[in-house]
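Let me begin by presenting the structure, written as structure tokens, before commenting on it.
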Amino acid sequence: QQQVKQSPQSLIVQKGGISIINCAYENTAFDYFPWYQQFPGKGPALLIAIRPDVSEKKEGRFTISFNKSAKQFSLHIMDSQPGDSATYFCAAKQALSSNTGKLIFGQGTTLQVKP
Amino acid sequence: KAGVTQTPRYLIKTRGQQVTLSCSPISGHRSVSWYQQTPGQGLQFLFEYFSETQRNKGNFPGRFSGRQFSNSRSEMNVSTLELGDSALYLCASSLEGFDTEAFFGQGTRLTVV
């Protein structure tokens with residue numbers, strides 16, 4: 001019940017295209033859903049995050065869509081660029097009730113944007 | 001503002017040895033969490049410390065331990081190393097709060113031979 005399932009495992013997109021990564025969770029107590037971007041040799045860095053009382057959040061070319069009833073959320077990268085090539089992780093945490101920083105991560109998606 | 005600093009960046013150890021990894025959080029951050037990253041298992045939570053107390057622990061054997069000092073710096077220790085402990089160990093720090101961002105360090109790459 002603590003798992004977060006992420007798909008696809010890898011993704012190849014042409015420059016200018018839309019990249020879509022999906023995640024699903026079971027634990028309805030999760031109340032904070034961040035997406036992290038990781039480049040080789042670096043630690044993950046927060047890209048964008050959403051709370052379950054919001055259905056969509058947009059920051060620049062990055063959008064999170066959240067479906068509370070389906071327990072799913074997704075990351076859309078519009079106008080994908082070669083510089084977006086990285087590994088993306090969705091995550092979830094049970095922040096409000098347990099006051100913890102413990103993040104449960106999806107398995108990751110390796111995105112390659114072809115020029 | 002300096003980021004999360006992890007030392008050393010790389011380590012090679014022999015099976016059966018023990019190892020200590022260090023993490024200096026961002027100034028003012030009192031919450032420090034540790035994660036293990038491997039190609040097969042992804043990013044897995046090890047433990048979280050806040051104000052020198054372990055607040056949460058993941059599903060790892062007792063060989064994995066940690067502590068936090070009064071200046072919020074944290075160390076994790078792995079005893080009796082096994083080949084399967086080879087991984088990237090990441091430390092993250094954050095401010096206290098519901099949806100505060102976790103800032104990750106670059107990690108320590110541990111190789112057990």
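The values are calculated or read from the model by the stated rules, or taken from the named source; none is laboratory data. What you see is a predicted model; the values in this text were computed from it and never measured. Cβ placement follows ideal geometry from the backbone for every residue including glycine, while neighbour counts extend to all protein chains displayed. Accessible surface is based on the protein model in full, side chains and every heavy atom, while ligands, DNA and RNA are left aside. Shrake-Rupley method; radii C 1.70, N 1.55, O 1.52, S 1.80 Å.
Going through (1) without any contact (Cβ under 8 Å) to a residue 60 or more places away in the chain; (2) within 14 Å of chain B (Cβ to nearest Cβ); (3) not in a strand (DSSP E or B) one by one, A:Gly83 falls short only on (2). In summary, A:Leu103 fulfils each of the numbered conditions (1) closer than 11 Å to A:Ser7 by Cα; (2) crowded, with 20+ Cβ neighbours inside 10 Å with the single exception of condition (1).
Just one of the listed residues (A:Ser10, A:Ser65) is within 10 Å of the chain's Cα centre (by Cα) and either surrounded by fewer than 18 Cβ atoms within 10 Å (Cβ to Cβ) or of a type in the set (A, V, I, L, M, F, W, C) (or both), and it is A:Ser65. Within region B:55-78, residues that are touching a residue at least 40 places away in the same chain (Cβ under 8 Å) reach partners that are among the charged types (D, E, K, R) and not in a strand (DSSP E or B) with beta carbons closer than 6 Å, at six or more positions or on different chains, in the pairs B:Ser72/B:Arg30; B:Val78/B:Arg63; B:Val78/B:Asp85. Looking for something closer than 17 Å to B:Ser86 by Cα, out of contact with any Asp or Glu (no Cβ under 7 Å at 6 or more places or on another chain) and crowded, with 16+ Cβ neighbours inside 10 Å - is there at least one such residue anywhere in region B:25-34? Checked against the condition, which is being closer than 17 Å to B:Ser86 by Cα, out of contact with any Asp or Glu (no Cβ under 7 Å at 6 or more places or on another chain) and crowded, with 16+ Cβ neighbours inside 10 Å, region B:25-34 yields at least one hit. The set of residues in region A:41-51 being more than 7 Å from chain B (Cβ to nearest Cβ) and touching a residue at least 24 places away in the same chain (Cβ under 8 Å) consists of A:Leu47, A:Ile48. Scanning region A:52-80 for residues that are without any contact (Cβ under 8 Å) to a residue 24 or more places away in the chain and part of a strand (DSSP E or B) turns up A:Glu56, A:Lys57, A:Lys58, A:Glu59, A:Thr63, A:Ser65, A:Asn67.
Considering region A:86-111 alone, what residues qualify as being in contact (Cβ under 8 Å) with a residue 60 or more places away in the chain and among the charged types (D, E, K, R)? Once the filter is applied, which keeps residues that are in contact (Cβ under 8 Å) with a residue 60 or more places away in the chain and among the charged types (D, E, K, R), region A:86-111 yields only A:Lys93. Could you tell me whether region B:82-105 includes any residue that is open to solvent by 30 Å² or more (accessible area, probe 1.4 Å), in a strand (DSSP E or B) and within 13 Å of chain A (Cβ to nearest Cβ)? Yes, the conditions are met somewhere in region B:82-105. Residue count for region B:28-51, restricted to those that are closer than 20 Å to A:Gly41 by Cα and either facing chain A (nearest Cβ under 9 Å) or modelled with pLDDT under 90 (or both): 9.
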